[in-house]
2 protein chains.
Amino acid sequence: MGVDNFKEIAKLAKQSSKKLATLANDIKNKALLNIAEELENNKQAIFEANKKDLGSAQSLLESGEISKSVYNRLKLDENKMRDMIQGIIDIYELENPIGKILMQRSLDTGLILTKISCPIGVLGIIFEARPDVITQISALAIKSSNAVILKGGKESAQTNKTIMDVIQKALDKTEGFPKNAITQVFTREDVSQMLEQDKFIDLIIPRGGNNLVKFVKENTKIPVLGHADGICHIFVDEFADYEKAKRIVVDAKTQYPSACNSVETLLVHRKFSYKDELYKSLEESGIELIFSPESWHIEYSDTKLAVKEVESVEDAIEHINEFSSGHTESIITEDRENAQKFMAAVDSAGVYHNVSTRFADGFRYGFGAEVGISTNKTHARGPVGLDGLTIYKYTLQGNGDIVKDYAEGNKQFKHKDLV
Amino acid sequence: MGVDNFKEIAKLAKQSSKKLATLANDIKNKALLNIAEELENNKQAIFEANKKDLGSAQSLLESGEISKSVYNRLKLDENKMRDMIQGIIDIYELENPIGKILMQRSLDTGLILTKISCPIGVLGIIFEARPDVITQISALAIKSSNAVILKGGKESAQTNKTIMDVIQKALDKTEGFPKNAITQVFTREDVSQMLEQDKFIDLIIPRGGNNLVKFVKENTKIPVLGHADGICHIFVDEFADYEKAKRIVVDAKTQYPSACNSVETLLVHRKFSYKDELYKSLEESGIELIFSPESWHIEYSDTKLAVKEVESVEDAIEHINEFSSGHTESIITEDRENAQKFMAAVDSAGVYHNVSTRFADGFRYGFGAEVGISTNKTHARGPVGLDGLTIYKYTLQGNGDIVKDYAEGNKQFKHKDLV
């Protein structure tokens, strides 16, 4: 899909989004079931396409152009396919997020204001080598009545193309489902074009490394939802339980070191009696501890952990509010007051007490699925599920009501909440 | 306040915002009462400063550099001052928007997720010649625990400065209220600097003309809340009641023609029996009707009204979704089905039935006050009150919980909603 076409794609997506906005929930759900069914029916074709991508990736892996973890994320097998299909069924089972009455208020007799959830419009998704993102995002977009334009990584181009063909086939056979709701683009130029189409695209979600997210944020006027860094902190307070501290830090650092919700900096209260034992046991768990200020800025995505000793909970809060990327932080303490102070004052999407930072995830939060994790301070924060793909509008129902009557004092508002 | 200082101001505002985030509601309310009291005590000084601004504005008015309506908005009198003070009391009386539990869910036994409202951080407000904006925005910022940097129009510089001095005096005597929560800047260079400080400023709200809002949106990476155009539509359906149609269109066009929620384009169903009578009566009300396609793009802010005849409600919806700025649109009809179709399919912040578009306003909606009206598709839409100045964070309370237990199947999530 070349540059010339992108604007047309975006325009068609916008037109489609208007139809999606009023689409019956039954049709959306039928589309999801059809996609699940077609994926099951066509999984061999998808595996074959994936083998081609893996073949090309093999040489990139050998030459060091991609990492082993990128290679692994690219690979689709029966298990992943089952999860992909189950993920669509899970979204099918979620409540319709559109048309919910969020507030209803009588402004005066017979003048009823209603705040009602509606889709955002057109989403632009840029993701790297994880073909399972396509089905997940497509399903979330369908359920939330948004149109979506997807741009995947070139490493998974064959797989992505085949999956998208299957999705299109499923949508084509869903009666009443609008055309052009889900489109895929492939080139680098498409990304540049996507970032420019603020007339047609309402929200960009980059899913990938730090560099991708930063590039997107710096090159578009369209709102961007996501997170560049994941510099998460754990603060082991003076009043921490040693066993809990050890168990939580090991989990947060080693359970999946390259995840964005893994801990990167450990803050330890100088008066914590077991601090030396803690350091020792972390090292025994294979964690490399780094005691230098340069490390406070770094997302290692590895089994390395920056360590800093602090004087107080206030000191820890200040460090976090200065160095954190606003993702997720946890305090380990048996002191309820310190925990409350920490959770109130730390300005991050997730603030935890006696829990591993690794819980920051849409599935673990019970959202069914997530489009990503946001460190924004507006719209949506933390793991973003269906709710983050909606906005609202206000309807006002009257019977010839005019403002002049109120401006001139002939009538007075009698605001009364109904819902 | 020069360019060199701006970054420092923004940094101090950010520090202050961290203190505001945990400030007791009592202190915020005391600050609001103190501001109301000090405004009352110092109103003569404010009126005198305002006279100086009006003196300078007089010559700008005569030379045509500012309009009569700008001059009028600049003017403060006893009535406006009473409204300003009452506006602060109204915000004082509103519920604390911070610390609200928006959702609470047990992820597993003893593992409790809570979604809790919190402030956004630092707001940057750019406004034109309306000094009453300062007290309104300052009060909203205080109540919502946000720090704010205000940049007013140069026409009202003396008035703005005096009002801000009064506010600072009131805050200084409010025990426990943090320093640097509310700051004012004055120069054009301050605006450029403000738009660059994405590290310290979390949300920009431009309140003013189309050009200001467009300039801001095009020159910052910080999220912007507002609306550039206000091209609102009224659709008079085939099944409209003639008297209601006339009454509503006259109100929406003439009650305050320069307001952003005034109607700019009238769509009339070709089969509406009274269309000629309607046109005639609108002209008799002093409205100039313009029947040309060029007018569909124009926000007249005057008693001019673009008119287009359409074939159907679908045709009207299509026109609106193409030409509207997404602010507010109204259908006039006695046909419930057409009304519902219109309200579901029109993609604007406000979609009305048998009501004047002039109702699109935070006070009329019962929000107590508004920071502005947003045509964004993310974060906040329509009139934005205290809620639009908040975001949320997730707290997670556990007792040594780690993800490994769930990843390895030793434990299963039992998502159960508590609130």
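Points to keep in mind about this one:
- Of the residues making up segment A:385-402, those that are surrounded by fewer than 24 Cβ atoms within 10 Å (Cβ to Cβ) and facing chain B (nearest Cβ under 7 Å) are A:391, A:392, A:393, A:394, A:395, A:397, A:398, A:399, A:400, A:402.
- Looking only at segment A:23-40, residues that are farther than 11 Å from residue A:174 by Cβ and among the hydrophobic types (A, V, I, L, M, F, W, C) come to 3 in all.
- Screening segment B:349-368 for residues that are assigned to a loop (DSSP other than H, G, I, E, B), more than 7 Å from chain A (Cβ to nearest Cβ) and not hydrophobic (A, V, I, L, M, F, W, C) and picking the one that is nearest to residue A:416 (Cα to Cα) gives B:368.
- First in segment B:55-78 and more than 10 Å from residue B:156 (Cα to Cα) and polar (S, T, N, Q), second anywhere and at pLDDT 85 or above and not in a loop (DSSP other than H, G, I, E, B), Cβ under 8 Å, 6 or more apart: B:58/B:71; B:67/B:61
- Within segment B:246-273, considering residues that are more than 15 Å from residue B:308 (Cα to Cα) and more than 23 Å from the chain's Cα centre (by Cα), the one surrounded by the most Cβ atoms within 10 Å (Cβ to Cβ): B:248
- Filtered residues of segment B:48-74 (kept if crowded, with 17+ Cβ neighbours inside 10 Å and of a type in the set (Asp, Glu)): B:53
- Restricted to segment A:104-150, and to residues there that are of a type in the set (Ser, Thr, Tyr) and closer than 25 Å to residue A:71 by Cβ, the residue that is nearest to the other protein chains (Cβ to nearest Cβ) is A:138.
- The one condition in (1) surrounded by fewer than 17 Cβ atoms within 10 Å (Cβ to Cβ); (2) over 30 Å from residue B:140 (Cα atoms); (3) of a type outside the set (A, V, I, L, M); (4) touching a residue at least 60 places away in the same chain (Cβ under 8 Å) that residue B:312 fails to fulfil: (4)
- Look at (1) surrounded by 17 or more Cβ atoms within 10 Å (Cβ to Cβ); (2) in contact with a helix residue (DSSP H, G or I) (Cβ under 6 Å, 6 or more places away or on another chain); (3) modelled with pLDDT of 95 or more and you find that residue B:285 fails only one, number (1).
- Residue under evaluation residue B:195, criteria (1) closer than 17 Å to residue B:124 by Cα; (2) of a type in the set (A, V, I, L, M); (3) surrounded by 23 or more Cβ atoms within 10 Å (Cβ to Cβ), criterion not met: (3)
- All positions within segment A:169-192 that are of a type in the set (Asp, Glu) and crowded, with 17+ Cβ neighbours inside 10 Å: A:190
- Boolean, residue A:163 is touching a residue at least 12 places away in the same chain (Cβ under 8 Å), part of a helix (DSSP H, G or I), over 17 Å from the mean Cα position of the chain (by Cα) and closer than 23 Å to residue A:372 by Cβ: yes
- Residue A:77 within 28 Å of residue A:302 (Cα to Cα), away from every other protein chain (no Cβ under 14 Å), acidic (Asp, Glu) and crowded, with 19+ Cβ neighbours inside 10 Å: no
- Qualifying residue in segment B:369-384 (condition: facing chain A (nearest Cβ under 7 Å), in a loop (DSSP other than H, G, I, E, B) and surrounded by fewer than 22 Cβ atoms within 10 Å (Cβ to Cβ)): yes
- Just one of (1) assigned to a loop (DSSP other than H, G, I, E, B); (2) more than 9 Å from every other protein chain (Cβ to nearest Cβ); (3) at pLDDT 95 or above fails for residue A:419. It is (3).
- Unique residue being more than 14 Å from chain A (Cβ to nearest Cβ), farther than 30 Å from residue B:378 by Cβ and in contact with a Phe, Trp or Tyr (Cβ under 9 Å, 6 or more places away or on another chain) when the list is B:267, B:305, B:289: B:289
- Strands (runs of 3 or more DSSP E) wholly inside segment B:169-249 that include at least 1 residues being touching a strand residue (DSSP E or B) at 6+ places or on another chain (Cβ under 8 Å), within 14 Å of another protein chain (Cβ to nearest Cβ) and at pLDDT 95 or above: B:203-207, B:232-236
- Within segment B:327-342, if we keep just the residues that are more than 23 Å from residue B:385 (Cα to Cα) and buried (at least 21 other Cβ atoms within 10 Å of the Cβ), the residue that is farthest from the other protein chains (Cβ to nearest Cβ) turns out to be B:338.
The values are calculated or read from the model by the stated rules, or taken from the named source; none is laboratory data. The shown structure was predicted, so the numbers you read here are calculated from the model rather than taken from an experiment. Glycine also receives a Cβ, built like all others from the backbone with ideal geometry; neighbour counts cover every protein chain displayed.
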